[in-house]
Amino acid sequence: MATNNLAKNTKVIYPEFSYKIVGLAFDVQNELGQFAREKQYADLLEKRLKENNIPYKRELRIGDSGNIVDFLVGDGEQIILELKTTRVLGRTHFRQMQNYLQQTHIKLGILINFSDKYLKPKRVLLIDSDDS
């Protein structure tokens, strides 16, 4: 019974906006392939964000923790984008994203590993500590 309640209460956060952002990431990988450096992907993604008039902040320091997010995208609907060029996304990458979400209270982060042959962006949701 709990599963049914969970399914009824589950909704995708920012579906249209995140779809557009992920589409730009696919465009970037299609242009650069899977073997470029992280900075090259970030530079081209920044160019695509500008071309599409999507507000963003790049390499944004959050709080006084010393943490820096790759991109904070959007105005009202805000998404943290973390770009990676690693063989495999691991637990540490997801923990890092959750840490960023907790610090900023932003509901959605997207991890993008451009080294994957087929891009598979990962949506990471803010874990609400009040629900525990």
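The values are calculated or read from the model by the stated rules, or taken from the named source; none is laboratory data. Note that the structure is predicted; figures quoted are calculated from it, not measured. We place every Cβ from the backbone using ideal geometry, glycine too, and count neighbours over all the protein chains shown. The protein model used for the area step is the full one, side chains on, heavy atoms only, and it has no ligands, DNA or RNA in it. Shrake-Rupley method; radii C 1.70, N 1.55, O 1.52, S 1.80 Å.
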Residue match in the stretch 29-37 (condition: closer than 18 Å to LYS122 by Cβ and not polar (S, T, N, Q)): no
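For every residue, the table says whether it meets (1) of a type in the set (A, V, I, L, M); (2) surrounded by fewer than 17 Cβ atoms within 10 Å (Cβ to Cβ); (3) out of contact with any Cys (no Cβ under 8 Å at 6 or more places or on another chain).
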| site | (1), (2), (3) |
| --- | --- |
| GLN78 | no, no, yes |
| ARG95 | no, yes, yes |
| ASN99 | no, yes, yes |
| ILE112 | yes, no, yes |
Some residue of the stretch 80-91 being over 16 Å from LEU45 (Cα atoms), at pLDDT below 95 and polar (S, T, N, Q): no
Residue satisfying all of: in the stretch 12-27; modelled with pLDDT of 95 or more and β-branched (Val, Ile, Thr); nearest to TYR118 (Cα to Cα) among these: VAL22
Verdict on LEU24 being among the hydrophobic types (A, V, I, L, M, F, W, C), surrounded by 13 or more Cβ atoms within 10 Å (Cβ to Cβ) and touching a Phe, Trp or Tyr at 6+ places or on another chain (Cβ under 7 Å): no
Residue check, THR85 more than 22 Å from VAL12 (Cβ to Cβ) and surrounded by 11 or more Cβ atoms within 10 Å (Cβ to Cβ): yes
From ASN9, ASN30, ASN52, residue being open to solvent by 20 Å² or more (accessible area, probe 1.4 Å) and at pLDDT below 95: ASN9
ILE62, sole failed condition from (1) open to solvent by less than 20 Å² (accessible area, probe 1.4 Å); (2) modelled with pLDDT of 95 or more: (2)
